[in-house]
1. Could you list ILE77, ILE60 so that the one with the fewest beta carbons within 10 Å of its beta carbon is first and the one with the most is last?
2. Take GLU54, GLU96, GLU67 and order them by how many other Cβ atoms sit within 10 Å, fewest up front.
3. Report the FRET efficiency, 1/(1 + (r/R0)^6), for ASP122 and ALA69, where r is their Cβ-Cβ distance and R0 is 35 Å, rounded to 0.05.
4. SER139: net charge of surrounding residues, Cβ under 14 Å, Lys/Arg +1, Asp/Glu -1, itself excluded?
5. With a 10 Å Cβ neighbour count serving as the proxy for reagent exposure, in which order, fewest first, do ARG53, ARG108 appear?
6. Starting from the Kirkwood Rh over alpha-carbon pairs, what translational D in µm² s⁻¹ does segment 66-128 have by Stokes-Einstein at 25 °C and 0.890 mPa s?
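Only the coordinates and a few stated rules stand behind these numbers; no lab work does. Keep in mind it's a predicted model, so treat the numbers as computed, not measured. A quick note on method: Cβ atoms are made from the backbone with ideal geometry, for glycine too, and the neighbour counts reach across all protein chains shown.
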Amino acid sequence: MRTRTVAAVALPVAGILALSACTASSEPAATAAPAVEAEGSPPAGEASARAAREQGRTVIDVRTPEEFAAGHVAGAINLNLQDPDFAERVAALDPEVDYVVYCRSGNRSATAATQMRAAGLDVLDGGGLQTMAAAGWPSA
């Protein structure tokens, strides 16, 4: 019984000590490096959006038609990621064209970029609509 009591107290105390050792540092926490999309590609977000603009990539908005109608990057193609035929529409895209995708916040664009790359397309993830605008893409 005494062994269980000691173990019941020792285990939580050890956990607290381990956690405090991780957070009680006199040096600032290191910032994680942004994920790189593909070899040689800028990380997702504004760097990709800016690079895509400089390269003249074709823009694909993966939001819903309602979101697209409320405002989008000028000249963007709307391919709704949530449509059941998204994969077929991606397969119909020209593999000789370079693309950049975006959505509202960057979540759907990351998913779409992964799927499009798996289909053999050259795609950068521009993140969200605001990120694309910050990179200089005009809105419609």
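1. Exposure proxy ranking, most exposed first: ILE77, ILE60.
2. Going from sparsest to densest Cβ surroundings: GLU96, GLU54, GLU67.
3. 0.80
4. The answer is +1.
5. In order of increasing Cβ crowding within 10 Å: ARG53, ARG108.
6. 206 µm²/s
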